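Note sheet for the following structure.
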Amino acid sequence: MIGRLQKMEENYSLYVSQIKKSIKENSLILFVGAGISANSNLPTWGELIQSFKEELDLPDDNSDDYQRVAQYYYDTFGKNRYKEKIEEVFSSKGISKPNELHTLIEKIAPEHIITTNYDSLLEDQFESGLLKYNVVAEDKDIPYTSPRRYLIKMHGDLSKNNIVLKEEDYLDYSSNFPMISNLIQTLIMNHTLLFVGYSLKDSTF
């Protein structure tokens, strides 16, 4: 037991050293998940799917098959109601502002940020500061941005109505976001990745 704890401490120190080195060398990619935005009073993925289930009158069986529930809602009520429902859920909690975690991200100043979040809290955090990122939320953004300091919204943007949520979105991801897919693959080959608020269960990743 003592040996295992010692090994964990050694690994932790090694990871921290690697992250510090990557920050110094401008080779760190921060991968940001929904856990960050949840602290700003935005709905989690689970809460959004739960709202679909309630309107569909589906049992609350703690299933994590979120993509299929979203697809079922879309197929049942149609595209317009699907978009309206998502907007309703996001607006139901009131005004959301960047939180302490967003401030810490700005202090870390990673070379690039990749996020699965649909919101604009990261953009809001950087808006008044000196650190600027080139936001990429759809393929057509890439030709108009500098290759320095990417903020890649790999699951789209709520304001652009191109979010990745239902099963069909995941199945068609490589054809809907081919340039973003290639860009992410290129970046992660030569950078250190630090995951924050992300479960690593995303099939697109």
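Being in contact with a helix residue (DSSP H, G or I) (Cβ under 9 Å, 6 or more places away or on another chain), open to solvent by less than 60 Å² (accessible area, probe 1.4 Å), without any contact (Cβ under 8 Å) to a residue 40 or more places away in the chain and outside any loop (DSSP other than H, G, I, E, B) holds for only one residue in GLU106, GLU55, GLU88, and it is GLU106. Scanning the range 58-83 for residues that are open to solvent by less than 90 Å² (accessible area, probe 1.4 Å), modelled with pLDDT of 95 or more and farther than 24 Å from ILE36 by Cα turns up GLN71, TYR73, TYR74, THR76, PHE77, GLY78, ARG81, TYR82.
Taking residues in the range 145-172 that are open to solvent by 10 Å² or more (accessible area, probe 1.4 Å), and partners anywhere that are outside any loop (DSSP other than H, G, I, E, B) and charged (D, E, K, R), the pairs with Cβ atoms closer than 6 Å and at least 6 places apart or on different chains are GLU167/ARG68. The residues of the range 27-52 that are of a type outside the set (S, T, N, Q) and open to solvent by 10 Å² or more (accessible area, probe 1.4 Å), listed by number, are ALA34, GLY35, ALA38, LEU42, PRO43, TRP45, GLY46, GLU47. The sole residue among GLU106, GLU87, GLU127, GLU138 that is among the charged types (D, E, K, R) and within 19 Å of LEU194 (Cα to Cα) is GLU106.
The values are calculated or read from the model by the stated rules, or taken from the named source; none is laboratory data. Just so you know, these numbers come straight off a predicted model, no measurement behind them. Cβ atoms come from the backbone with ideal geometry, glycine included; neighbour counts cover every protein chain shown. SASA here: full protein model, heavy atoms, side chains in, ligands and nucleic acids out. Shrake-Rupley method; radii C 1.70, N 1.55, O 1.52, S 1.80 Å.
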